[in-house]
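The values are calculated or read from the model by the stated rules, or taken from the named source; none is laboratory data. Since the structure is predicted, the reported quantities are computational estimates derived from the model, not experimental observations. When we count neighbours, we look across all protein chains shown, and the Cβ atoms used for this are built from the backbone with ideal geometry, even at glycine. All accessible areas refer to the heavy atoms of the entire protein, side chains included, with ligands and DNA or RNA removed. Shrake-Rupley method; radii C 1.70, N 1.55, O 1.52, S 1.80 Å.
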Amino acid sequence: MTGTPLAVAGLRKGFADRDTVVKAIDDVGFEVREGEIYTLLGPSGCGKTSTLRAVAGLERPDGGRIVIDGNVVTDDGLFVPPNHRDIGMVFQSYGIWPHMTVFDNAAFPLRVSRPKVSKKEIAARVESALAAVHLAGYEGRNSTQLSGGQQQRLALARALVRRPKLLLLDEPLSNLDAKLRQAMRAELATLQQETGITTLFVTHDQDEALSMSSRIAVMQAGRIVQEGRPRDIYQRPGTRFVADFVGTTNFLPGRGAAGRRVTTAVGDLLVEGAPDAAGGDVLLAVRPEALLLHLSEPAGTPNVVRGEVDRVMFVGEAVDCHVRVGDELWVTRQDPRLEAATGDEVWVELPADRISVLA
Ligand SMILES: Nc1ncnc2c1ncn2[C@@H]1O[C@H](COP(=O)(O)OP(=O)(O)OP(=O)(O)O)[C@@H](O)[C@H]1O
Ligand SMILES: [Mg+2]
């Protein structure tokens, strides 16, 4: 029987902490589609690893159901052990064995698997897995002679060698230095595409999640609070927590007025997504790059407020201008050609279609 690569429903897990119980997983449900990278994103302690370990069978949940490729692996009174689940895993510490060669590391899962895999078959599969991660030619090397990035790829080859239905990755890039991590993002995403393997990815790094995922589930305190494509999560955050955790955001409280207008401390703003009703409290959110700075007052443009440049930070590909508007300090990201200096009077434009309305 085949089905959705991974379906999780009603998952719960609590850990006793002195007199209380920490709800590490609090009613988590999601489905991962064929061939996608589905990412659990959230701050430290929100339950990402616990969820991944429950899928792997390394953790027994208190309740819930997990189905891998049509096979129920966790349910009331049912628990399939990890080695009988059709998965491959890579953890933060890759778990590469230092006393083994690259070939032996990659071959290990096949050597211990039952039914037995023939020597010839092992050689062929290891060869293709190492080629997939661009480590062909390294077979005889001792694994300690590999760079961080190469060890990471070897861990991946070892997870892929059994050709599992589902790949589980828990912060696989967090051990690498910043530059290599960036390079490996693209490499890992390409590899995933080439192999077409359905992947459940765990990270607390929003850039990593945004750049690599097909879909993201944002977790907070054991729950999934929003699920969607990276651009939807970024451009249409549903709550203050999501807006704040995924990227930088300027918040502006207001009160709904007629005609999709919102009354705020800096004036009345036209907001496309505003409820067309007066009276309700709303929280507006605008990304730094959505705010447009003008050095002279633009004529006839709606949603323009006056401010004063508080700080200018040139970061190469952009210039980050912090602007004081009334009592608020807004973070804006501008084209690096903008020449603004601390103390300059500026006009900040808030395009009506780039303001999010949060619940
Ligand atoms: N074996 C355990 N015993 C007790 N508490 C645990 C155990 N494992 C996890 N927890 C608790 O459950 C919660 C979720 O932990 P989990 O490791 O899933 O978080 P995480 O999202 O992976 O965080 P990080 O980004 O730091 O890895 C935390 O409060 C953690 O302290
Ligand atoms: Mg974790």
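Among the residues of segment 205-250, write down those that are open to solvent by 30 Å² or more (accessible area, probe 1.4 Å) and hydrophobic (A, V, I, L, M, F, W, C).
The answer is L210, A221, I224, V225, F241, F245.
Select from segment 270-291 the residues that are part of a strand (DSSP E or B) and surrounded by fewer than 19 Cβ atoms within 10 Å (Cβ to Cβ) and write down the one among them that is nearest to the chain's Cα centre (by Cα). Walk me through it before giving the result.
Applying the first criterion (part of a strand (DSSP E or B)) to segment 270-291 yields 270, 281-286.
Next, from what is left, pick out any that are surrounded by fewer than 19 Cβ atoms within 10 Å (Cβ to Cβ): 270, 281, 283.
Details: L270: 32, D281: 30, L283: 24 Å.
Per the criteria, the residue is L283.
Do you know which residues across segment 102-133 are touching a residue at least 24 places away in the same chain (Cβ under 8 Å), assigned to a loop (DSSP other than H, G, I, E, B) and not small (G, A, S)? Break it down stepwise before answering.
First, pick out the residues of segment 102-133 that are touching a residue at least 24 places away in the same chain (Cβ under 8 Å): 102-103, 105-110, 113, 125-126, 129-130, 132-133.
Of the ones still in play, those that are also assigned to a loop (DSSP other than H, G, I, E, B) are 113, 133.
V133 - this is the single residue of segment 102-133 that is touching a residue at least 24 places away in the same chain (Cβ under 8 Å), assigned to a loop (DSSP other than H, G, I, E, B) and not small (G, A, S).
Restricting attention to segment 20-28, does a residue exist that is more than 12 Å from ligand 1 (Cβ to nearest atom), in the same structural domain as R153 (by TED's automatic domain parsing) and open to solvent by 30 Å² or more (accessible area, probe 1.4 Å)?
Taking segment 20-28 first, the residues more than 12 Å from ligand 1 (Cβ to nearest atom) are 27.
Now drop any that are not in the same structural domain as R153 (by TED's automatic domain parsing), which leaves 27.
Subsequent filtering for residues that are open to solvent by 30 Å² or more (accessible area, probe 1.4 Å) retains 27.
Within segment 20-28 (the criterion being more than 12 Å from ligand 1 (Cβ to nearest atom), in the same structural domain as R153 (by TED's automatic domain parsing) and open to solvent by 30 Å² or more (accessible area, probe 1.4 Å)), the answer is yes, since at least one residue qualifies.
Return the residues of segment 311-334 that are of a type in the set (D, E) and either open to solvent by 70 Å² or more (accessible area, probe 1.4 Å) or in contact with a Leu (Cβ under 6 Å, 6 or more places away or on another chain) (or both); say none if nothing qualifies.
As a first pass, look at segment 311-334 and keep what is of a type in the set (D, E): 317, 320, 327-328.
Those that are of a type in the set (D, E) and either open to solvent by 70 Å² or more (accessible area, probe 1.4 Å) or in contact with a Leu (Cβ under 6 Å, 6 or more places away or on another chain) (or both): E317, D327.
Tell me whether segment 331-342 contains one or more residues that are within 19 Å of T263 (Cα to Cα), outside any strand (DSSP E or B) and either of a type outside the set (V, I, T) or in contact with a Cys (Cβ under 7 Å, 6 or more places away or on another chain) (or both).
The initial filter retains those residues of segment 331-342 that are within 19 Å of T263 (Cα to Cα), namely none.
No; the residues of segment 331-342 include none that is within 19 Å of T263 (Cα to Cα), outside any strand (DSSP E or B) and either of a type outside the set (V, I, T) or in contact with a Cys (Cβ under 7 Å, 6 or more places away or on another chain) (or both).
One line per residue, one yes/no per condition, for (1) outside the structural domain of L146 (by TED's automatic domain parsing); (2) more than 23 Å from R185 (Cα to Cα); (3) under 22 Å from the mean Cα position of the chain (by Cα); (4) within 16 Å of ligand 2 (Cβ to nearest atom):
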residue: R12; (1), (2), (3), (4): no, yes, yes, no
residue: R60; (1), (2), (3), (4): no, yes, no, no
residue: V72; (1), (2), (3), (4): no, yes, no, no
residue: Q92; (1), (2), (3), (4): no, no, yes, yes
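Restrict the check to segment 134-143 and report whether at least one residue is assigned to a strand (DSSP E or B), away from ligand 2 (no atom under 16 Å from the Cβ), touching a residue at least 40 places away in the same chain (Cβ under 8 Å) and hydroxyl-bearing (S, T, Y). Break it down stepwise before answering.
Applying the first criterion (assigned to a strand (DSSP E or B)) to segment 134-143 yields 142.
Applying the additional criterion that residues be away from ligand 2 (no atom under 16 Å from the Cβ) yields 142.
When the remaining residues are screened for being touching a residue at least 40 places away in the same chain (Cβ under 8 Å), the result is 142.
Now narrow it down to the ones that are hydroxyl-bearing (S, T, Y): none.
No, segment 134-143 contains no residue that is assigned to a strand (DSSP E or B), away from ligand 2 (no atom under 16 Å from the Cβ), touching a residue at least 40 places away in the same chain (Cβ under 8 Å) and hydroxyl-bearing (S, T, Y).
Exactly one of these conditions fails for P43: (1) part of a loop (DSSP other than H, G, I, E, B); (2) open to solvent by 50 Å² or more (accessible area, probe 1.4 Å); (3) within 16 Å of ligand 1 (Cβ to nearest atom). Give me its number.
Looking at each condition in turn, P43 falls short on (2).
Please give the strands (runs of 3 or more DSSP E) falling wholly within segment 190-250 in which 1 or more residues are more than 16 Å from I37 (Cβ to Cβ). Reasoning before the result, please.
Details: elements: 198-203, 215-220, 223-228.
Once the strands (runs of 3 or more DSSP E) in segment 190-250 are filtered for at least 1 residues that are more than 16 Å from I37 (Cβ to Cβ), what remains is 215-220, 223-228.
Of all the residues that make up segment 198-235, how many are under 21 Å from I87 (Cβ atoms), over 12 Å from the mean Cα position of the chain (by Cα) and away from ligand 1 (no atom under 13 Å from the Cβ)?
Of the residues in segment 198-235, 2 are under 21 Å from I87 (Cβ atoms), over 12 Å from the mean Cα position of the chain (by Cα) and away from ligand 1 (no atom under 13 Å from the Cβ).
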